Every structure is written in C-alpha cells, then in structure tokens.
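Structure, as structure tokens:
The values are calculated or read from the model by the stated rules, or taken from the named source; none is laboratory data. Here the structure is a predicted model, which is why all the values come from computation and not from measurement. Glycine also receives a Cβ, built like all others from the backbone with ideal geometry; neighbour counts cover every protein chain displayed. Each accessible area value is taken on the protein alone, full model and side chains, heavy atoms only, with ligands, DNA and RNA left out. Shrake-Rupley method; radii C 1.70, N 1.55, O 1.52, S 1.80 Å.
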Amino acid sequence: MRKSRLFGSILTALALVASTTLAASQAQAAVAPIDSVVPVPVSVQSVPNVTYNLTSGTQIRAAAGATDVANLLATTLRRSTGFALPVSQGTGDGISLQLSGADPQVGQQGYQLDVAASGVTIKASSAAGLFAGTQTLRQLLPAKIEASSVQTGPWPVPGARILDYPRFAHRSAMLDVARHFFTPDVVKRYIDEIALYKINYLHLHMSDDQGWRIMIDSWPRLATYGGSTQVGGGPGGYYTKAQYSDIVAYAAARHITVIPEIDMPGHTNAALASYAELNCNNTAPPLYTGTNVGFSSLCVPKDVTYRFVDDVIRELAAVTPGPYIHIGGDEAQSTSDADYRTFMNRVLPIVAKYGKQTMGWHEIAKVNPPTGVVPQYWGTTTSNTSVRDAAARGNKILMSPANKAYLDMKYNSSTRLGLTWAGYIEVRTAYDWNPGAHLSGVGESAVRGVEAPLWSETIVTRQDIEYMAFPRLPAIAEVGWSPWSKHNWDQFRQRLGAQGPRWTVMGMNYYRSTQVPWA
Ligand code: NGO
C-alpha cells in the first residue's frame, strides 16, 4: 500500500516534470514569426494588432524593373496557397514591390518592409534589395507557405516595420562539384535553399584531382575524360556550357552570382591525366579517385601550360557574366615557392585580360597580388602574415576560416558524413565568430565578406548536402548579413529552431542539433 502510494507520487512528479518540459519546449516552439527571421534584420518593429492576410483576392504589384522578382514571389506563393496572385505594374493594396522611396540606408542590397492591414509594401533601391525583402516575407508567413502542393490557410503576415541591409556585400556558399559531381538539378535546389538566407554568391569548385566538371571546347578531354570519374570511382560527370549557363541564369534570377573555380597549379590531376603535354615528363598520370591532396602540379616552365590556362579562362569568362573567376592556388605542395610565384604572375594577367577579377585561396596572398585580387582565408589560426600584409596593401579578404565556416566538418564524433581535420563544428561554433575581428590585422573594412564552403569528399547526394549545410549555412549567412550588435546566440538558436518546420515542409534533410530548440 505504502509502496504503491510512493510509486504513485513518483509518477505524479514525473508527469509534472514531463509536462513542464513539454510546456517549456512548446513555449520555445512558439517564437512569433516576426522574431524568427534569419538572418536577423537590422531593425524589426512589431505593429500590434495589425495583420495582413494573404487571400484569393491578393494582387501583387511591381514597379517597372521589379516584375521578375514579383513573378518569382508569385510562383512560390501560388504553389502552396493555390491563389491566382496576379502580378501587375503600379501600386495599390496587396503585395507591392517598389523601387522608389526606400530609406537611403538600405543601400544596394537592403530593403524596407511594412506590413499594414491593407497590404505588404517592400521598397528598395535595386531588384536585389526587393528580392531580399521577398525572402523575409516568406519567413513571416506560416511554414506551410513553402509546400509544393496546395494547403489550407489562413496566411497571416504579422504587422511589422522592417529596415534591413547587409553588413558585408559578399555572402557566399561554395559547392565542390569536383570530388563528387552534382547534377544541375541538385545545384539548383541548393541555390533555392541558400537564397532564402540572403546568400548572394555561389562559388562552384569545378576542377580538382578527381574530376574536371565543365566543357572547355578547345580542350575537350578535360571534361570527357577528366570528368569521367569521382571520389570512390563513380561515373562523375560534367556540365555542358549550356547546362552551366542555365545554372548561372537560375542563380541570377535569385540574385546570386556564380563564381566558377578552376583550381591551379595544384589540385590538377584530372587535367594532367587528360593531356600528357601538360606534364613536365610528358606522361599522363592515371585518373585519381582517392582523397589525398597536394600531389599534382601543372608544369610551370612549359609554355603550353599558359596556352591551356588562357584557353580555359577565355572560355570560362565568356560564359560567366559575374565579375569573378576563382583560380584556387591552395595546397600547391608539389610546386616550389619560386614556381608558384612564376605561375601566378603569368596567370593573374590572363584573368584580367578576359575582363575578370581574380579570387584565390589565401596562399595567393604570398605573391603580392594586385589589390583587386581577393584572397579567401581558409586557415584555422587567427593570424596569418601574408593575409595580414595583403589586407594592409588594400586587398579585400573573403573569410571562410575552416574551423568555423567549413560545412564539410563533422558536427561531432557521431556525424556519419564529413571530415575532422579542422575540428568538429557544432551550430554554435559556426555562429560564434566575428568576421571583422577574426584575423589579426584584418579588420572590418578589409573584409569583403564570408563564405561557407562545402567540400564533397564524403558528400554524395543532395540529402548529404542539406544535412551538412543546414543549420550551419544559415548561421554563416547571419554572421555575414546581420550587424554585429545583433549577434546573440540565445536569440539565434530560437530563430533557427523556428526554421525547422519550414525545412521539413521543403523536404530538406537537416541536422537536428541538440543545441537548437526545434519548433
Ligand atoms: C582544404 C583543401 C580542399 C579539401 C578541404 C577539405 C582547401 C582550400 N583546400 O581546403 O582540397 O577538400 O580542405 O575540408
């Protein structure tokens, strides 16, 4: 009797604990949509007792110059609401996208978003700014707005006044399509996913020891032979120029600029295997499907090397509307320092000759490149002499410290995918760093922006991409977009938790980090 009463009170106590934890997690889950935007906007004011409801009668109005953004928004909203949402020019109630009257603080990429009972008004000074505003609007709507089939409403947008613009002009994601090849459809899906977090550059790592992924007409074996395998020995693949241009256009419609990378002089086994004359000993090595680095180099003294580079850059520049070409330059362990310098001093003018600006991994800083060249920091330390010196000379640095921003590092020891050389990167680690004060001597004004690279030695499917990128990509996106004064892990994890249902609706395979209170 006494025993069972004791047992009963233990049960009651347990139930009490369980219900309070449940209540706590439900309270956590109920982050208001206005408080759940990622990256957190510069300024958000709630307008109490005001809601705009998207209905079957809602119209979308667009300024001249904003119809592409309006049509893209309409396409997204029509899928899940089933509403007609006609797009017309002009102003009025409903959703209105305007290219005048924005607060000058919005600059070239920001926007103002006002939600009144009669409608949602987004104002910006460029289509890019309007596009950013529409990504915020998506996040203010219920998660099911992301569904690919018609759902039942209602579709409330909370009363709000938002003023928003980025801290850094350049916020980038990198996808390594060389170690494992990803089809254009997979790349496009990733573009959709990163656009939601206001990423505005996609860096495609298109050549490495294991594969060459873009057709170069004057050197066709690069793609047809050099692209014929991948890590682990699968069939690999490559993009035709038409496929590449299609990816570039798809990204551009989402205000994302593609930066193609051809890695050189190291990481070139696929090219060396395709053309014997590129090797100093005139002998083509076999294709490579392992994951070692640092063993290959273009032949620096040979003239054919620069004819090759010239052809590749010329053809790539012709199909790349964006201003940048990335020439890699990392881990050239099989190239002497003197050769590396010689090589870069011949290659940098080739990129310039075809009207492009060079980006390179930070080793490129060693050759004192012209100030227009952007070194990309990928180290794990907080000081680097050659990068500091480049910043002092005026080069802008892109920040992707491997121990913070590399999406291919495991979250923890039980993560199935990924590498560990730069350490484990849990969500908080990806979030808690300040790009403008990370590297000594490289302050805010020397930083061009941030990038989250996803190397694909262990990444094979689009589900793998999503698992490693989400939720860390949004963390890096916020570090790049939001003002440092708004940096706050406790608030960020709440907002991030509110994104979970959105990703579920989108069918995304994200990592349910225990650091995040998932809604
Ligand atoms: C390094 C290396 C890549 C690897 C990656 C894996 C850079 C810039 N070079 O980063 O070849 O794929 O690590 O994390």
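Grab the other residues whose beta carbon is less than 12 angstrom from that of Met359, score K and R as +1, D and E as -1, and report the net. For residues surrounding Met359, the net value is -1. Residues whose amide H lies under 5 Å from that of Glu451, counting only those 5 or more places away or on a different chain, are Ser172, Met399, Ser400; hydrogens are built 1.01 Å from N in the peptide plane.
What the phi angles of region 383-392 give under the Karplus curve with 6.51, -1.76 and 1.60, with θ = phi - 60°, is a coupling list of 9, 8, 4, 6, 6, 4, 5, 4, 4, 5 Hz, glycine and proline written as x. Per-peptide packing, taken as the mean over residues of other Cβ atoms within 10 Å, places 78-90, 419-431 in the sequence 419-431, 78-90 from highest down. The gain in end-to-end length when the Ser445 to Trp484 segment is fully stretched comes to 12.7 nm, 0.36 nm per residue minus the alpha carbon separation.
The listed peptides 381-392, 360-371, ordered by packing as a protection proxy, come out as 360-371, 381-392 (highest mean of other Cβ atoms within 10 Å first). The accessible surface of the chain, taken with every protein chain in place and a 1.4 Å probe, is 54 percent carbon and sulfur. Of all DSSP-defined beta bridges confined to the chain, some 35% are antiparallel rather than parallel. Distance from the Cα centre of region 181-248 to that of region 31-69, in angstrom? Measuring centre to centre over Cα atoms gives 35 Å.
The C-alpha atoms of the chain define a longest principal axis, and helix 184-195 lies at about 50 degrees to it.
Beta-bridge orientation, region 34-164: approximately 60 percent antiparallel, per DSSP, counting only bridges with both partners inside. A straight Cα-to-Cα reach below 12 Å connects Lys123 with the aspartates and glutamates Asp103, Asp114, Asp164, residues fewer than 8 places away in its own chain not being considered. Residues in region 34-164 average 38 Å² of solvent-accessible surface per residue, probe 1.4 Å, ligands and nucleic acids excluded. Highest-first packing order for the peptide set 182-189, 205-212 is 205-212, 182-189, based on the mean count of other beta carbon atoms within 10 Å. Ordering Ile191, Ala477, Leu298 by Cα displacement along the dipole of the chain toward the positive end leaves Ala477 in first place; charges were set at the Cβ atoms of Lys, Arg (+1) and Asp, Glu (-1). Between amide H atoms placed 1.01 Å from N, distances below 5 Å from Gln230 occur with Gly236, all of them 5 or more places distant or on a separate chain. For region 418-479, the solvent-accessible area of protein heavy atoms averages 27 Å² per residue (probe radius 1.4 Å; ligands and nucleic acids excluded). The angle between the Cα long axis of helix 337-353 and the longest principal axis of the Cα atoms of the chain comes to about 70 degrees, rounded to the nearest 10. In order along region 450-459, the Karplus-derived 3J(HN,Hα) couplings, from 6.51 cos²θ - 1.76 cosθ + 1.60 at θ = phi - 60°, round to 10, 9, 10, x, 10, 7, 10, 4, 10, 9 Hz, and Gly and Pro are given as x.
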